[in-house]
Structure formats: structure tokens, C-alpha cells
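Notes to accompany the following structure.
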Amino acid sequence: MALQAASLLPSAFAIPKEVCFPLGKTSAALKDSSLLGVSLSEHLKADFSASVLRSKREFSQRIGPVRAQAVVTTPAVNQAAPEGKKTLRKGCVVITGASSGLGLATAKALAETGKWHVIMACRDFLKTERAAKSAGIAKENYTVLHLDLASLDSVRQFVDNFKRSGRPLDVLVCNAAVYLPTAKEPTFTAEGFELSVGTNHLGHFLLSRLLLDDLKQSDYPSKRLIIVGSITGNTNTLAGNVPPKANLGDLRGLAGGLNGLNSSVMIDGGDFDGAKAYKDSKVCNMLTMQEFHRRYHEDTGITFASLYPGCIATTGLFREHIPLFRALFPPFQKYITKGFVSEDEAGKRLAQVVTDPSLTKSGVYWSWNKDSASFENQLSQEASDAEKARKVWEVSEKLVGLA
Ligand code: LMG
Ligand code: NDP
Ligand code: PMR
């Protein structure tokens, strides 16, 4: 159904060339489970581009040129253009953690198309306003709404505020994260969950559950819930084998509330390790996306997906790391692993997952090869374990007060 919906999109809706990578139906069929998670054989790539050109041509012949609407319509429905043709209203996308790094770059890429209104869901209002301004995002293309994912009250408040804004919700992007690799002791969210899993997973879990109805009600041709995953949570890659490795174990710490009082602060019940907690939280993100897909895709037509945007070694994510690491990490990724991507490039990738008509497949973990062509990647055994996904879902809904 989502695929059919996508084919209704007018060609004018496609993001500009620099955002729109060579893609076609073939991309979804390509799987790559190599250790680096990035390679594609040359003959496949040639095939790939040919089919893209073909499908692009067919697409525009079928649809014909349609003018895009340039003004904000809130709340918006399809409106008749002067010549009587229907035009697509502006899409409304919520991006968490849009005050820096990947979230900001994605907000910029989407806003620049003139076809999206971006709700920047952030904990620091002033920082976000400044960031939007310095990124050159036009005022009419974004709204900053306060959201602190480390507080479930704040998540609920955000959802109320968003609903009251009267805007439709077409795409939700769960992007915000914290990474605390040098912390010796755990820190906690307002409700007492270890901060990395509390913010990156539990905050987003509640947010997306509470906003699911709004997504369901959207009349946009392709509605999506995107959760940012990572290669480092996937132990079927080299990067995922750098210690400490992600491992959720039997979820005993999560079930106990990650509070360090009557349970461990780590999901698997082990001793605190900030880097591991982050990687575990990414595994939860990727499992959550798949559980959403299994529970809701068929009935709602919503596309649920996650992605590894590439190693964006210059972002604020590494702010807590030692200065030597921050200095060496970008050249290491650029020249040795070759996994490096700029914030701009990564933002375009995520924008593509938000809006590209050829990426409507649900339940998918997207990655990109070195030519920036997307492909459907294989998750590690743990990150694709359906039984674990169900358990994470059930334990998480108890922790956030939904069950
Ligand atoms: C933990 O250490 C910390 O304890 C934890 O607090 C947290 O920060 C966590 O993930 C974050 O890291 C992990 C790490 C620290 O330890 C290791 O990586 C041990 C080595 C494990 C080996 C696994 C794979 C082996 C592959 C062989 C390596 C060859 C590299 C070529 C890769 C080519 C791929 C096609 O370790 C470090 O931070 C520093 C490790 C230094 C090793 C240097 C080897 C590469 C040479 C690079 C030279 C210049 C750049 C250095 C940049 C360092 C940043 C990573
Ligand atoms: P940044 O640190 O630049 O961005 C993280 C964002 O999350 C910031 O806007 C930050 O807000 C926000 N945030 C943190 N805590 C909260 C909170 N409690 N409530 C609301 N917002 C919060 O990092 P990146 O851009 O690199 O990370 C974005 C996503 O990309 C993450 O999900 C990360 O896991 C993922 N990722 C990153 C990779 C990389 O190489 N950088 C690789 C793979 C995945 P503030 O500005 O106020 O601090
Ligand atoms: Mg990793 C193909 C190799 C590759 C890739 C794509 C990444 C991505 N890393 C790779 C390899 C290696 N890293 C190797 C061989 C090492 C040992 C020297 C290494 C080390 C390393 C460290 C210490 N890498 C790191 C760290 C971090 O602190 C980062 C991290 O784990 O954050 C959780 C990180 C990352 N490496 C990546 C990516 C994308 C990250 C960071 C962010 C993330 O996954 O969200």
C-alpha cells in the first residue's frame, strides 16, 4: 500500500538533485551483508543506474509536470490549483535533536526543498533557533518545539503541544541521542533510567507511541516513522566488533528499570559502560522500528524504517570523548576506514529516507555505499531478533507507563 501511495507522488515533489540520489526499485532488492556494511559489486551498480534512469523516465511520463505549492498551509489538505489540478500540500515532519549534527542537516535539506515544514523538537530552544538561523533555514519552513527526551513528562507535554498546533504529522524522525563514552558513573533521566538508554530509546519509544495516531491520520501520500540506528550496534560488522560490543542479554536490567537501585543500569544486567549503553540503545532503536513494522504497517500503511547514515565523525555526538579522540577520529574514519561522511551528506541521506518515493519499503534498515546509493542492509542477529524485539517492546511500554 505504501508503495502504491508513493507512486501517486507528483514528480515536483521529489527532492532536488543534490538530495535525490540515484535510486530505483532495485535499491530495495539489493542486500549487503559484508563486514564493512558498505560495499556493492561493480556490475550491480551499473545495473542499478540503468534501472534508475528507466524508472525515473517512466515516473515522469506517468505523472507529468505538477506544480509544487510554495506557501505554508496549516493544517493542510490537498488544494485545487488555479488550473484545477490537485497539488500536494507541504509535508510536516518532526525531527528530534534537530539542533545539531545529523538532525540539523536533515532539517536544512528538507526545508530547502520548500515542500516540508520542519518541527525541530529540541531541548534547547535558543540553541536551536541559532542553529536554524546559521544553517540558513527560512523562517516559514520551521518551528521549534521544546522536547527533552530525558523526561517522560516533557515527551507528553511535547505531544500535547504538537497536537494543539493543529498541524498534521506526516513523518516522525527519531534522531536525538547522547553518547557518554568516558563517564565513570551512570547518570539518569528524570524518571531514573540510565541516561543513554533512557533518552535514545525510552524517550523515543514513548514519543512514537503517542504520535502513532497522528501519523495514522495523516492524508499524506507516504507517511513514515524513521528511527536512526547505527553500524556500531550491529555485531555483524567490523565497527560493531570494537569493544565494548552491544548485547541486550536477557533484558534483566531493562526489566528492573535501569535505575541502579534494585537493578543494574545496563540492559543486560552488567556493570555500567557508557559506550555499551549507547550501542545497546541503538539496538533497541532498530528492534523498535521492526516491532512497529510488524504490529502496525499492514493496518496503517505507515512506513517504518531505520538507517545507518555513515560515520559523521565531526558531530556533537563525540562531545564527551577525550580531545585526542575527537582530533583523531575524523581522519581515522576518512582515510583508514573510509566510513566518513560529512554532516551535509548524511543530512541528505536521512532526508531521502523521509521523502524519496522509492524508499517506501517498511521494516528496512538502510545504508549507503561509497557512491552514496542506498541499499537495504542486513542487521545483526540480535538487532533482527523478533522475539527480543517483542520483549523490548513489552518491557519498554511498562517502563514508560503505557502498559
Ligand atoms: C572503548 O575502547 C573505550 O574503552 C570506551 O570507553 C569507549 O570509548 C569505546 O567504542 C567506544 O571504546 C575501545 C577501543 C579504544 O579499543 C579498541 O578499539 C581495541 C582494539 C579492538 C580491535 C578491533 C578491530 C581490529 C581491527 C584492526 C585495526 C586496524 C585498523 C585498520 C582498519 C581498516 C578497516 C578497513 O581504542 C581507541 O580508541 C584507540 C585504538 C587505537 C588503535 C589504532 C589502530 C588504527 C590505526 C589508526 C591510526 C590513526 C587514528 C587513530 C584514531 C583512534 C580512534 C579510533
Ligand atoms: P549530535 O550530538 O550532533 O546531535 C544529537 C542531538 O540530540 C542534538 O540535537 C542534541 O541536543 C539532541 N539531544 C540529546 N539529548 C536530548 C534530549 N534529552 N532531548 C532532546 N534532544 C536531545 O549527534 P549526531 O548528529 O551525530 O547524532 C544524531 C543521530 O545519529 C543519533 O541518533 C546518533 O546515534 C546517530 N548516529 C550518528 C553517527 C555519527 O557518526 N555521528 C553514526 C550513526 C548514527 P543538544 O543540541 O541540545 O545537545
Ligand atoms: Mg569505529 C569500517 C570500519 C568502521 C566504521 C564504519 C566505524 C564507524 N568504525 C570502524 C572501525 C573501527 N572503529 C576500528 C577498526 C576501530 C578500532 C581502532 C574503531 C574504534 C572506534 C571507537 C573508539 N570507533 C568508534 C569509536 C567510538 O567511540 C565511536 C562509537 O562507538 O560510538 C558509539 C565509533 C564509531 N565507529 C564508527 C561509527 C559510526 C562510530 C560512532 C557513532 C555511532 O555509531 O553512532
Check your understanding: Of the numbered conditions (1) more than 16 Å from ligand 1 (Cβ to nearest atom); (2) within 29 Å of residue 352 (Cβ to Cβ), residue 237 satisfies every one except a single condition; which is it?
Key -> (1)
Check your understanding: From the set of residues in segment 163-186 that are within 16 Å of ligand 2 (Cβ to nearest atom) and either of a type in the set (Ser, Thr, Tyr) or free of Cβ contacts under 8 Å to residues at least 60 places away in the same chain (or both), which is surrounded by the fewest Cβ atoms within 10 Å (Cβ to Cβ)?
Key -> 182
Check your understanding: Among the residues of segment 313-331, which ones are more than 12 Å from ligand 2 (Cβ to nearest atom) and either touching a strand residue (DSSP E or B) at 6+ places or on another chain (Cβ under 9 Å) or closer than 21 Å to residue 98 by Cα (or both)?
Key -> 331
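Got a sec? Which of 138, 150, 121, 107 is closer than 16 Å to residue 346 by Cα and more than 16 Å from ligand 3 (Cβ to nearest atom)?
Of the residues listed, the single one that is closer than 16 Å to residue 346 by Cα and more than 16 Å from ligand 3 (Cβ to nearest atom) is 107.
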Revision key, fill the gap. With criteria (1) away from ligand 1 (no atom under 14 Å from the Cβ); (2) in contact with a Leu (Cβ under 7 Å, 6 or more places away or on another chain); (3) not in a helix (DSSP H, G or I), residue 250 comes up short on (2)
Revision key, fill the gap. Log entry, pairs with first residue in segment 127-148 being more than 27 Å from residue 198 (Cβ to Cβ), second being at pLDDT below 95 and open to solvent by 50 Å² or more (accessible area, probe 1.4 Å), beta carbons closer than 7 Å, six or more apart or on different chains, reads 140/72
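Does any residue of segment 322-343 turn out to be assigned to a helix (DSSP H, G or I), away from ligand 1 (no atom under 13 Å from the Cβ) and among the charged types (D, E, K, R)? Break it down into steps so the answer makes sense when it comes.
The initial filter retains those residues of segment 322-343 that are assigned to a helix (DSSP H, G or I), namely 323-337, 343.
Add one more test, that the residue is away from ligand 1 (no atom under 13 Å from the Cβ), and what stays is 343.
Next, only the ones that are among the charged types (D, E, K, R) stay: 343.
Yes, the conditions are met somewhere in segment 322-343.
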**Study point:** Of all residues making up segment 281-310, the number that are of a type in the set (Phe, Trp, Tyr) and touching a Phe, Trp or Tyr at 6+ places or on another chain (Cβ under 6 Å)
**Key:** 2
Practice item. Looking only at segment 99-113, decide whether some residue is modelled with pLDDT of 95 or more, open to solvent by 40 Å² or more (accessible area, probe 1.4 Å) and part of a helix (DSSP H, G or I). Key: yes
Exercise for review: Might you check whether a residue that is more than 19 Å from residue 394 (Cβ to Cβ), within 19 Å of the chain's Cα centre (by Cα) and of a type outside the set (Ser, Thr, Tyr) occurs anywhere in segment 251-268?
Suggested key: no
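Go through segment 135-163 and give me each residue that's in a loop (DSSP other than H, G, I, E, B) and small (Gly, Ala, Ser).
Filtering segment 135-163 down to residues in a loop (DSSP other than H, G, I, E, B) leaves 135-138, 147-151.
Once the filter is applied, which keeps residues that are in a loop (DSSP other than H, G, I, E, B) and small (Gly, Ala, Ser), segment 135-163 yields 135, 136, 138, 150, 151.
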Check your understanding: Can you tell me which residues in segment 320-331 are in contact (Cβ under 8 Å) with a residue 12 or more places away in the chain and either open to solvent by 60 Å² or more (accessible area, probe 1.4 Å) or β-branched (Val, Ile, Thr) (or both)?
Key -> 320, 322
Revision key, fill the gap. For segment 193-211, the count of residues that are open to solvent by less than 10 Å² (accessible area, probe 1.4 Å) and more than 16 Å from ligand 3 (Cβ to nearest atom) equals 8
Practice item. For residue 132, work out the one condition from (1) modelled with pLDDT under 95; (2) in a helix (DSSP H, G or I) it doesn't fulfil. Key: (1)
Check your understanding: Restricting the search to segment 276-308, which residues are in contact with a strand residue (DSSP E or B) (Cβ under 7 Å, 6 or more places away or on another chain) and either within 15 Å of ligand 2 (Cβ to nearest atom) or open to solvent by 10 Å² or more (accessible area, probe 1.4 Å) (or both)?
Key -> 277, 285, 286, 288, 289, 293, 297, 305, 306, 307, 308
Practice item. Sort through 350, 379, 317 and tell me the only one that's surrounded by fewer than 20 Cβ atoms within 10 Å (Cβ to Cβ) and not in a strand (DSSP E or B). Key: 317
Exercise for review: Please determine, by comparing only the residues of segment 197-234 that are touching a helix residue (DSSP H, G or I) at 6+ places or on another chain (Cβ under 6 Å) and part of a loop (DSSP other than H, G, I, E, B), which one is nearest to ligand 2 (Cβ to nearest atom).
Suggested key: 230
Practice item. Could you run through segment 229-264 and say how many residues are under 14 Å from residue 383 (Cα atoms) and touching a Pro at 6+ places or on another chain (Cβ under 7 Å)? Key: 0
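From the set of residues in segment 315-354 that are among the charged types (D, E, K, R) and under 17 Å from residue 367 (Cβ atoms), which is farthest from ligand 3 (Cβ to nearest atom)? So that I can check it myself, show each step before the final result.
First pass over segment 315-354, keeping only residues among the charged types (D, E, K, R): 319-320, 326, 334, 338, 343-345, 348-349.
This time we only want the ones that are under 17 Å from residue 367 (Cβ atoms), so: 338, 345, 348-349.
Values: 338: 7, 345: 14, 348: 17, 349: 13 Å.
Ranking the candidates gives 348 first.
The values are calculated or read from the model by the stated rules, or taken from the named source; none is laboratory data. Nothing here was measured: the structure is a model prediction, and the numbers come from that model. Cβ: placed from backbone, ideal geometry, glycine included. Neighbour counts: every protein chain shown. Keep in mind that these areas ignore ligands, DNA and RNA; they rest on the heavy atoms of the full protein, side chains included. Shrake-Rupley method; radii C 1.70, N 1.55, O 1.52, S 1.80 Å.
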